[in-house]
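Have a look at the structure below, then the notes.
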Amino acid sequence: MGRGEGAPFSPPGSETAVKFDNQGDGLGRYNIFSYQRSGDRYGYVPVGEWAETLSLNSDLIHWPRDTVPPSQCSDPCARNEMKKMQAGEYCCWICTACEPHEYLADEFTCAPCSPGQWPTDDLTSCFDLPEDYIMWEDAWAIGPITIACVGFISTGMVFWVFIRHNNTPLVKASGRELCYILLLGVFMSYAMTFLFLAKPSPTICALRRLGLGTSFAVCYSALLTKTNRIARIFSGVKDGGGATRPRFISPFSQVFICLSLISVQLVTVSVWLLVEVPGTRRFTLLSAGRPSS
């Protein structure tokens, strides 16, 4: 009988039909046994058969601890694991854990999150890490803010006294115009506290760079100009100048000298801002748990 030409038949004295597939091969018939303990002996117990279809008597099968074991090549992967398939296999895989900064793009792929991001709890996507900077309500910010507010009040009171007694001989003799410039510098110094506590941005960074040095330059320029004026006046008297009035001690001259000194600082900072444009960057610091940005 050639291949593919076989027809089913029953051997003499048998009720079982012999069949062939389309390749001419006989169809398999198998008896299924379960190796069990019966009393003090172990032996095989027939529990079913295979003849084109499965016929199985599950009640005759005794499982350890009465638990049916799963029929699978590999166990399901954990929540943070991906399936790494074996070559030529479709039902068997190796579970590989994803890195802490990776999420499951699909059941076979762990994909890293972008810088500044972290996987969600279910590992289905990533979320942006919250920005960590000094907040207005932080304890580290309340102290400087309190000191700055006290400084504003004190500077405002001194300024009010000068305005109230603006034309008195005492205020004029103290260098009225330079005192106002000095008070302005002190006010700017206290105002810098709020810029350094504000959320970083290109504008805030530019104001920090410009204001910090300029506030001190205003204070020191006023003090330097005033000290130089007094020194030259007393130096002229000591040298026997008598009625000779030193040059450049008028209020206009003193203000001009002071502003000239301040302009040096402003020009320097302006060039710095042009050469190195201020901006912000995010840094992700990895810690034992979840990173912060």
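Exactly one of (1) surrounded by 10 or more Cβ atoms within 10 Å (Cβ to Cβ); (2) modelled with pLDDT of 80 or more is unmet by residue 10. Its number?
Of (1) surrounded by 10 or more Cβ atoms within 10 Å (Cβ to Cβ); (2) modelled with pLDDT of 80 or more, only one is false for residue 10: (2).
Report every pair of residues separated by at least 6 positions or lying on different chains whose Cβ atoms are under 6 Å apart, first residue within segment 103-117 and small (Gly, Ala, Ser), second not in a strand (DSSP E or B).
Listed by first residue and then by second, the contacts come to 116/129; 116/282; 116/284; 116/293.
How do the helices (runs of 4 or more DSSP H) wholly within segment 119-222 filter down when requiring 3 or more residues that are in contact (Cβ under 8 Å) with a residue 24 or more places away in the chain: which remain?
Details: elements: 139-164, 169-173, 176-197.
It comes to 139-164, 176-197.
Give me a count of the residues in segment 244-293 that are under 30 Å from residue 121 (Cβ atoms) and either modelled with pLDDT of 90 or more or of a type outside the set (A, V, I, L, M) (or both).
Quick first cut of segment 244-293, residues under 30 Å from residue 121 (Cβ atoms) only: 280-293.
Checking which are either modelled with pLDDT of 90 or more or of a type outside the set (A, V, I, L, M) (or both) leaves us with 280-284, 287, 289-293.
Residues flagged as under 30 Å from residue 121 (Cβ atoms) and either modelled with pLDDT of 90 or more or of a type outside the set (A, V, I, L, M) (or both) within segment 244-293 amount to 11.
Would you confirm, using the coordinates I've provided, whether residue 192 is in contact with a Cys (Cβ under 9 Å, 6 or more places away or on another chain), surrounded by 17 or more Cβ atoms within 10 Å (Cβ to Cβ) and under 22 Å from residue 273 (Cα atoms)?
On the way: in contact with a Cys (Cβ under 9 Å, 6 or more places away or on another chain): no; surrounded by 17 or more Cβ atoms within 10 Å (Cβ to Cβ): yes; under 22 Å from residue 273 (Cα atoms): yes.
In short, no.
Check 77, 91, 110 and return the single one that is closer than 24 Å to residue 283 by Cα and not β-branched (Val, Ile, Thr).
Working: 77 fails: closer than 24 Å to residue 283 by Cα; 91 fails: closer than 24 Å to residue 283 by Cα.
After applying the criteria, what remains is 110.
Among the residues of segment 77-99, how many are touching a residue at least 12 places away in the same chain (Cβ under 8 Å) and in a loop (DSSP other than H, G, I, E, B)?
Residues that pass the stated criteria total 9.
Quick check on segment 38-76: of everything there that is touching a residue at least 24 places away in the same chain (Cβ under 8 Å) and in a strand (DSSP E or B), which residue is farthest from residue 20 (Cα to Cα)?
Quick first cut of segment 38-76, residues touching a residue at least 24 places away in the same chain (Cβ under 8 Å) only: 51-52, 56, 60-62.
Restricting the remaining residues to those that are in a strand (DSSP E or B) gives 51, 56.
On the way: 51: 12, 56: 23 Å.
Ranking the qualifying residues of segment 38-76, first place goes to 56.
Please enumerate the residues belonging to segment 168-185 that are farther than 14 Å from residue 259 by Cβ and either in contact with a helix residue (DSSP H, G or I) (Cβ under 9 Å, 6 or more places away or on another chain) or small (Gly, Ala, Ser) (or both). Full working, then the answer.
Let us first name the residues in segment 168-185 that are farther than 14 Å from residue 259 by Cβ, namely 168-176, 179, 183.
Correct list: 171, 172, 173, 174, 175, 176, 179, 183.
So which residues in segment 34-93 are among the hydrophobic types (A, V, I, L, M, F, W, C) and surrounded by 12 or more Cβ atoms within 10 Å (Cβ to Cβ), if there are any at all?
Here is the first cut: in segment 34-93, the residues among the hydrophobic types (A, V, I, L, M, F, W, C) are 45, 47, 50-51, 54, 56, 60-61, 63, 68, 73, 77-78, 82, 85, 87, 91-93.
Selection gives 45, 47, 50, 51, 56, 60, 61, 77, 82, 85, 92, 93.
Does residue 79 satisfy the criteria of being more than 27 Å from the chain's Cα centre (by Cα) and charged (D, E, K, R)? Steps first, answer last, please.
On the way: more than 27 Å from the chain's Cα centre (by Cα): no; charged (D, E, K, R): yes.
Criteria not met by residue 79.
The values are calculated or read from the model by the stated rules, or taken from the named source; none is laboratory data. None of the values given here were measured: they were computed from a predicted structure. Using ideal geometry, Cβ is built from the backbone for each residue, glycine included, and neighbour counts are taken over all protein chains shown.
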